[in-house]
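What follows is one structure encoded as structure tokens, with my remarks underneath.
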Amino acid sequence: MGFKTKRGRGQVSGFTILGIIIVAVVVLLFFLRGQLGIVLPGSLKSTDIIEHVHECLKETAPEYIERLGRQGGYLSTPEGTFRPYEDVPVSYLCYSIEKQPNCRNRMLTLEDMQKELANAIGKGLDTCIDYGSFRKRGYDLSAGQMDIVVEIGKDITRVTMKQSIRMTKGDVVVSEEEFSENFDYPLGRLYDVSQEIVNVEATAGEFDQMPFMLAHKGEYIIDKKRPYPDKLYIMQTKDSPYVFQFFIEGEPTAT
């Protein structure tokens, strides 16, 4: 009987020690959460909303940047401003002048392209970003007005979403104002080349791509096609599959 009593007391002492250890671990975890940002299961993670927005940027922006290149610098292609090529509405960047070998420059600018991309990407993000799913998970989330800024560089297009986002759960608060992603497309370089071509077509009436490519030591690949009565320029850099293409409008020969 005495042996059993000692064993019972030993078990009680063991459980007491185990309980103290568990309580100490829980207290330590809560302390570390506040001091070092360690996240407990089921609590708010600051990376949740940040990762979601960045994933939407990476999912949404490339489609429009690539389409802009295939369509000659425009996402909007009103009637009379493009010609279909392989089911793509490719824009005219220079319009024909009656009885003249040269053409009239349409004057595409970087600012035009940036604005079109910003508008389209903003609409895409409105569909992709799902703040409601966070609210359903018990987060208190508020989001301000969204503003998209697109900066087209020589080899990188930077897309920035400016929006004040505040998300809370319990005593944890996450606040972000700006999200940016860089996309490796030589859009700026190809735009510059397109303007050189258009300027020559608008003044001299004919651009010879071979001397240009030789002068740039193969940095650019320019394919010129002649679907009557127009000219189609398809451009790439040697180190990227990204395509920028556009039409020069020609005047039909009188029959």
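The values are calculated or read from the model by the stated rules, or taken from the named source; none is laboratory data. None of the values given here were measured: they were computed from a predicted structure. The protein model used for the area step is the full one, side chains on, heavy atoms only, and it has no ligands, DNA or RNA in it. Shrake-Rupley method; radii C 1.70, N 1.55, O 1.52, S 1.80 Å.
Note on residue 210: accessible area approximately 100 square angstrom, rounded to 10, probe 1.4 Å, nucleic acids and ligands left out. Nonpolar atom fraction for the range 114-255, defined as the carbon and sulfur part of the 1.4 Å probe accessible area, stands at 49 percent. Accessible surface comparison of 146, 235, probe 1.4 Å, protein chains only, largest first: the order is 146, 235. Per residue, the solvent-accessible area of the range 124-174 (1.4 Å probe, heavy atoms of protein chains only, all protein chains present) comes to 54 Å².
Which of rounded, prolate, oblate describes the range 65-156, given a ≥ b ≥ c as roots of the alpha-carbon gyration tensor eigenvalues and a/c under 1.5 marking rounded, otherwise prolate only if a/b is larger than b/c? Prolate is the answer for the range 65-156, as a/c is 1.5 or above and a/b outweighs b/c. Anisotropy class assigned to the range 199-255 is prolate, per the alpha carbon gyration tensor with a/c at or over the 1.5 cut-off and a/b larger than b/c.
List the relative contact order of the range 150-224 as a percent without decimals, with contacts defined as Cα pairs under 8 Å and 6+ residues apart. So the answer I get is 25 percent.
3J(HN,Hα) along the range 68-77, derived from phi through the Karplus expression 6.51 cos²θ - 1.76 cosθ + 1.60 where θ = phi - 60°, amounts to 4, x, 5, 9, x, x, 10, 8, 8, 10 Hz, with x in place of Gly and Pro.
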